[in-house]
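The values are calculated or read from the model by the stated rules, or taken from the named source; none is laboratory data. A quick note: this is a predicted structure, and the numbers were derived from the prediction, not measured. Here the Cβ positions follow ideal geometry from the backbone for every residue, glycine too, while neighbour counts run over all protein chains shown.
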Amino acid sequence: MKEIVLKGVPAAPGIASGLAFILDKQEYLVTPRAILEKEVPIEIARFEEALIHTRQEIIEIKKKMSNELLGEHAQLFDAHLLVLEDRALIEEVVKRIKKEHLGCEYIFSEVIKKYVKIFSKIEDEYLRERVTDINDVGRRVLKNLVGEHKLHDLNSITESLIIISHDLSPSDTASMYNQNIIAFATDIGGRTSHTAIMAKTLGVPAIVGLKDATLQVQNQDYLIVDGRKGLLIINPAAETIAFYEKEKNRMEEFRGQFQDIKNLPAETTDGRRIQLYANLELEGEASSAKINFAEGIGLYRTEFFYMNRTDMPTEDEQFDAYKRVLGIMAGQIVTIRTLDLGGDKFISSLQIPKEMYAYWGWRAIRFCLACPDIFKTQLRAILRASHFGKLQIMYPMISGPEDLRKANAILDEVRASLRRENIPFDEALKVGIMIEVPSAAMTADLLAKEAAFFSIGTNDLIQYTLAVDRVNEQTADMYQPGHPGVLRLIKLTVDAAHAQGKEVSVCGEMANEPHLALLLIGLGVDCLSMSPLSILQIKKMIRTVSFANTQKVANEALQLSTGHEVETLAQKALKEFVPDLFNAKNE
Ligand code: PEP
Ligand code: MG
């Protein structure tokens, strides 16, 4: 088989090799399960029982529809019954169970997929339309074999696989806390989509924006995912496999060096101390922040709490989770960002059309101000938790002082009600804001008077400044962190905050990239917050450079006129000042 190399957008670093599993949410998620020779008759019987059961189900539905005067629609189900009785299909499944010794649900799903492919290509419109019948019946039989919920549950994957999918939502990725998913690659998506961000935190190599990976890869193909360079290698040649084995070892050896600095401060060679914090999406990641020596949590993306469930989280549930995170961080700062719903993050329990949540739409603080009950519940939980550690609040998507004042007015109401109820909370709790809307950066001097701290959300700031959708692979090249427009807004924000004696952090993905983090330090940023797994390499960079040199690089960058020139300059600086790190990432 010929080796094929596809190039996409690098989303999470690392190298993984293994078998492909194509996840198509329109279809079903069934993984192969090996069976013993003696289990073959049992599997065939299970399959036949599922066919009988499904047949009875369909007859019942048909009867019900006829009774309810929906007779003409009931005929649709005749076509379904015909699929169920198709001898060729049944015989193929039985033959393959006997030959391949795999569970009947997997074999059946493969045979159904094959039929769908064949029928989709037929020119005759009537026959082509049978695809829907085949799919419907397929899903019914599978549901009877493995249960509805399991058909779409990524946790049901039981062997090490690389997921290939057209798209993965952040909530899909959140359910990937499964040791068996060793990497993933998607057709669409940009490098700061939340799916990419979560992959980084999970330590799972990932590539997005491959455009047609789902067409090029077949189930069970052997793949290599190079998450650093965004390369997906299908059926790699022996020498490619050998090369990547060496690469894996080299990366591991290099990471081993970071252990020497884990307890040392993130301080430049000339004494500028930078705080290194972790970003958190799920409570479970707090221990990873600790293990990787984060000095606190700079961004807790609480919206994941609201996902993958059919109801809204209660005040107590949120309070307990925040308190647990404070406990794990043991006295360190935990910055809780209030609900940042929208963009690529949806909450299924709120039946609101997705279009309303667009990146530029009814998102984040705008949604919270419009739904004060939801907002107040979260604020109460946060304030109550503040009694148990060093907590601070951060509002997302603030566009200027008006948003901040409105949010603070609600916070004051919540504070007053807690006081009335004699419920303790931290009266000195700091309230800061994300700077991610260009108008916030441009009014940073005004905002700095009213906010306790700033955290620059470069993921959104870049997309809004450049008018480039952060999850669109077609415009991925135009999404430039080093664009002069972005750099100037960052500089403006830092200077405005410092003029008021306030600290500035960066919690967007720029903070994870050693060359861009070097530039941010030169621009005067006080704190960087990132995926826990990036902390030690960023510390390595900081401890190897001098602040004076980073300032020189930043000043030079501010004179350049394109994002590509700034990117090249920052890479050159990393190569000159921290060659080991540069080589490990680029060679
Ligand atoms: C950002 O926009 O940079 C940020 C950190 O927030 P999010 O990625 O959750 O939008
Ligand atoms: Mg953001």
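Would you check if there is a residue in segment 338-346 being among the charged types (D, E, K, R) and at pLDDT 80 or above? Looking for residues that are among the charged types (D, E, K, R) and at pLDDT 80 or above, one finds at least one in segment 338-346, hence yes.
Total residues in segment 1-48 satisfying the condition of being more than 22 Å from the chain's Cα centre (by Cα), loosely packed, with under 13 Cβ neighbours inside 10 Å and not aliphatic (A, V, I, L, M): the figure is 4. Residues in segment 214-224 that are at pLDDT 95 or above and touching a Phe, Trp or Tyr at 6+ places or on another chain (Cβ under 8 Å): 224 alone. So for segment 506-523 (the condition being away from ligand 1 (no atom under 11 Å from the Cβ), small (Gly, Ala, Ser) and buried (at least 23 other Cβ atoms within 10 Å of the Cβ)), does at least one residue qualify? Looking through segment 506-523, at least one residue is away from ligand 1 (no atom under 11 Å from the Cβ), small (Gly, Ala, Ser) and buried (at least 23 other Cβ atoms within 10 Å of the Cβ).
Each row is one residue, and each column tells you yes or no for (1) more than 16 Å from ligand 2 (Cβ to nearest atom); (2) assigned to a loop (DSSP other than H, G, I, E, B); (3) farther than 22 Å from residue 208 by Cα; (4) not assigned by TED's automatic domain parsing to the domain that holds residue 272.
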site	(1), (2), (3), (4)
459	no, no, no, no
481	no, yes, no, no
511	no, no, no, no
541	yes, no, yes, no
551	yes, no, yes, no
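Figure legend. Inter-residue proximity from segment 364-377: first residues touching a residue at least 12 places away in the same chain (Cβ under 8 Å) and more than 16 Å from ligand 2 (Cβ to nearest atom), second residues of a type outside the set (A, V, I, L, M, F, W, C) and outside any loop (DSSP other than H, G, I, E, B), beta-carbon distance below 8 Å, spacing 6+ or different chains. Indicated pairs: 369/403; 369/406; 376/413; 377/315; 377/318. Residues that are part of a loop (DSSP other than H, G, I, E, B), under 15 Å from residue 170 (Cα atoms) and away from ligand 1 (no atom under 16 Å from the Cβ) are absent from segment 295-303 altogether. What about residue 203, is it closer than 30 Å to residue 313 by Cβ, at pLDDT below 90, not assigned by TED's automatic domain parsing to the domain that holds residue 510 and not aliphatic (A, V, I, L, M)? Criteria met by residue 203. In segment 463-479, of all residues being more than 21 Å from residue 555 (Cβ to Cβ) and in contact with a helix residue (DSSP H, G or I) (Cβ under 8 Å, 6 or more places away or on another chain), the one that is farthest from ligand 2 (Cβ to nearest atom) corresponds to 478. In the set 526, 495, only one residue is in contact (Cβ under 8 Å) with a residue 24 or more places away in the chain and out of contact with any Asp or Glu (no Cβ under 7 Å at 6 or more places or on another chain); that residue is 495. In segment 124-140, the condition of being outside the structural domain of residue 21 (by TED's automatic domain parsing), loosely packed, with under 13 Cβ neighbours inside 10 Å and either under 39 Å from the mean Cα position of the chain (by Cα) or modelled with pLDDT of 80 or more (or both) is met by at least one residue.
Scanning segment 461-473 for residues that are within 19 Å of the chain's Cα centre (by Cα), more than 9 Å from ligand 1 (Cβ to nearest atom) and part of a helix (DSSP H, G or I) yields a count of 1. Filtered by the rule that a residue be in contact (Cβ under 8 Å) with a residue 60 or more places away in the chain and part of a helix (DSSP H, G or I), segment 204-254 gives 213, 214, 216, 240, 241, 244, 247, 248, 250, 251, 254.
How many residues does segment 266-282 hold that are touching a Phe, Trp or Tyr at 6+ places or on another chain (Cβ under 6 Å) and of a type in the set (Asp, Glu)? Residues that pass the stated criteria total 2. Each residue in segment 378-399 was checked for being small (Gly, Ala, Ser) and within 16 Å of ligand 2 (Cβ to nearest atom), and 1 of them qualify.
In this structure, residue 433 qualifies as within 16 Å of ligand 2 (Cβ to nearest atom) and either in the same structural domain as residue 530 (by TED's automatic domain parsing) or touching a residue at least 40 places away in the same chain (Cβ under 8 Å) (or both).
Of 501, 485, all but one fail to be more than 14 Å from ligand 2 (Cβ to nearest atom) and assigned to a loop (DSSP other than H, G, I, E, B); the exception is 501. When you check residue 445 against the structure, is it more than 13 Å from ligand 2 (Cβ to nearest atom), of a type outside the set (Lys, Arg) and not assigned by TED's automatic domain parsing to the domain that holds residue 213, yes or no? Taking the combined requirement at face value, the residue satisfies it. Output the residues belonging to segment 255-273 that are outside any loop (DSSP other than H, G, I, E, B), touching a helix residue (DSSP H, G or I) at 6+ places or on another chain (Cβ under 7 Å) and polar (S, T, N, Q). Result: no residue meets the conditions. Comparison of 581, 523, 536 shows that the only residue that is closer than 28 Å to residue 465 by Cα, outside the structural domain of residue 230 (by TED's automatic domain parsing) and under 30 Å from the mean Cα position of the chain (by Cα) is 523.
Scan segment 388-413 for residues that are within 16 Å of ligand 1 (Cβ to nearest atom), in contact with a strand residue (DSSP E or B) (Cβ under 9 Å, 6 or more places away or on another chain) and either under 19 Å from residue 299 (Cα atoms) or assigned to a loop (DSSP other than H, G, I, E, B) (or both) and report the count. Residues that pass the stated criteria total 7. Of the residues making up segment 326-349, not a single one is away from ligand 2 (no atom under 16 Å from the Cβ), crowded, with 19+ Cβ neighbours inside 10 Å and at positive phi.
Scan segment 433-456 for residues that are assigned to a helix (DSSP H, G or I) and either away from ligand 1 (no atom under 12 Å from the Cβ) or polar (S, T, N, Q) (or both) and report the count.
Qualifying residue count for the region: 11.
Annotation note: Cβ proximity below 6 Å between a residue of segment 440-464 that is at negative phi and at pLDDT below 95 and a residue that is within 11 Å of ligand 2 (Cβ to nearest atom) and of a type in the set (Gly, Ala, Ser) (sequence gap 6+ or interchain) occurs for no pair.
Is it fair to say residue 380 is part of a helix (DSSP H, G or I) and either within 16 Å of residue 443 (Cβ to Cβ) or more than 29 Å from the chain's Cα centre (by Cα) (or both)? When the stated conditions are applied, residue 380 does not pass them.
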